[in-house]
Amino acid sequence: MSPMPGYMAWCLAGLLLCAALLLLRRSVVRLLRLVLRSSVGLAALALFSQVGGLLGIKLGVNLVNALVLGLLGVPGFGLLLMIQWVLR
């Protein structure tokens with residue numbers, strides 16, 4: 001048998017990718033939702049870092065804090081503030 005032409009290999013790879021995405025649809029949606037919420041949390045941290053200096057409160061703008069905000073939302077923000085206060 002001769003090897004598959006290039007376009008057929010790409011079509012097969014595309015079909016396999018689509019099948020995998022259909023099988024893992026819920027997981028992909030949850031991951032995308034976490035990424036979106038974490039990016040909003042990162043933006044909120046960046047805005048808070050501008051105002052937080054005036055209040056004497058400083059939270060780091062990093063991926064861990066953004067993930068905490070993405071997973072927990074507003075209670076996560078309170079948790080980060082409490083952890084910062086306790087570790088001071």
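The values are calculated or read from the model by the stated rules, or taken from the named source; none is laboratory data. Everything quoted here is computed from the prediction, not taken from an experiment. A quick note on method: Cβ atoms are made from the backbone with ideal geometry, for glycine too, and the neighbour counts reach across all protein chains shown. With ligands, DNA and RNA removed, areas are computed over all heavy atoms of the protein, side chains included. Shrake-Rupley method; radii C 1.70, N 1.55, O 1.52, S 1.80 Å.
Brief remarks on what is shown
Residues are listed down the side, and each one gets a yes or a no for (1) in contact with a Phe, Trp or Tyr (Cβ under 7 Å, 6 or more places away or on another chain); (2) among the polar types (S, T, N, Q); (3) touching a residue at least 24 places away in the same chain (Cβ under 8 Å); (4) within 30 Å of LEU87 (Cβ to Cβ):
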site	(1), (2), (3), (4)
LEU16	no, no, no, no
LEU23	no, no, no, no
LEU32	no, no, no, no
LEU42	no, no, yes, yes
ALA46	no, no, no, yes
LEU55	no, no, no, yes
ASN62	no, yes, no, yes
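- Checklist (1) out of contact with any helix residue (DSSP H, G or I) (no Cβ under 6 Å at 6 or more places or on another chain); (2) in a helix (DSSP H, G or I); (3) surrounded by 11 or more Cβ atoms within 10 Å (Cβ to Cβ) applied to SER27, failing item: (3)
- Residues of region 63-76 that are open to solvent by 70 Å² or more (accessible area, probe 1.4 Å) and within 14 Å of the chain's Cα centre (by Cα): LEU63, VAL64, LEU71, LEU72.
- Residue within region 52-61 that is surrounded by 10 or more Cβ atoms within 10 Å (Cβ to Cβ), touching a Ser or Thr at 6+ places or on another chain (Cβ under 9 Å), at pLDDT below 95 and among the basic types (Lys, Arg) present: yes
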